[in-house]
1. Inverting the mean 1/r over all pairs of different Cα atoms, compute the Kirkwood radius of the chain and quote it in Å.
2. Explain nothing, just compute: Karplus ³J(HN,Hα) = 6.51 cos²θ - 1.76 cosθ + 1.60, θ = phi - 60°, for every residue of the stretch 31-36 in order, whole Hz, x for Gly and Pro.
3. For the charge dipole of the stretch 1-51, defined by +1 on Lys and Arg C-beta atoms and -1 on Asp and Glu C-beta atoms about the Cα centroid, which residue among 48, 16, 29 has the Cα displaced farthest towards the positive pole?
4. Convert each backbone phi in the stretch 20-30 into a coupling constant with the Karplus relation 6.51 cos²θ - 1.76 cosθ + 1.60 (shift: θ = phi - 60°), then list the ³J(HN,Hα) values in order as whole Hz, x for Gly and Pro.
5. At 222 nm, what helix-only mean residue ellipticity would the chain give, in deg cm²/dmol to the nearest 500, using -39500 (n - 2.57) for each DSSP H run of four or more?
6. With a 1.4 Å probe and every protein chain kept in, tell me what percent of the accessible surface of the chain is carbon plus sulfur.
Amino acid sequence: MKQNPEERVYSTFHSPFDPCPPKPYRTYVVPVNQYVVFQPAGLPQFSPAEALKHGTLWPSLYSPYTSRKFKGE
């Protein structure tokens, strides 16, 4: 399975009084745009058709969505 570099994992708190067994960890995604603080000149760009397909003009800001429903396949 391919790892998503934007995905972070943390372990959850387990109380001895929880009536249900908790999940051992949770995940969250940090958007790519959190690491680009300004737009430098000369960034590579997608073609207009590819930009519409990817949802962004710049490849460095592209972050593909992976569905949790099909993550186990």
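The values are calculated or read from the model by the stated rules, or taken from the named source; none is laboratory data. The shown structure was predicted, so the numbers you read here are calculated from the model rather than taken from an experiment. We place every Cβ from the backbone using ideal geometry, glycine too, and count neighbours over all the protein chains shown. What goes into the accessible areas is simple: the full protein's heavy atoms, side chains included, and nothing from ligands, DNA or RNA. Shrake-Rupley method; radii C 1.70, N 1.55, O 1.52, S 1.80 Å.
1. Values: mean 1/r = 0.0643 Å⁻¹.
About 15.5 Å, per the Kirkwood formula over Cα pairs.
2. x, 4, 5, 6, 9, 9
3. About the Cα centre, the residue reaching furthest to the positive side is 16.
4. 10, x, x, 6, x, 8, 10, 10, 8, 10, 9
5. After summing the helix terms and dividing by residue count, I get -2500 deg cm²/dmol.
6. On the way: 4000 of 6660 Å².
Its accessible area is 60 percent carbon and sulfur atoms.
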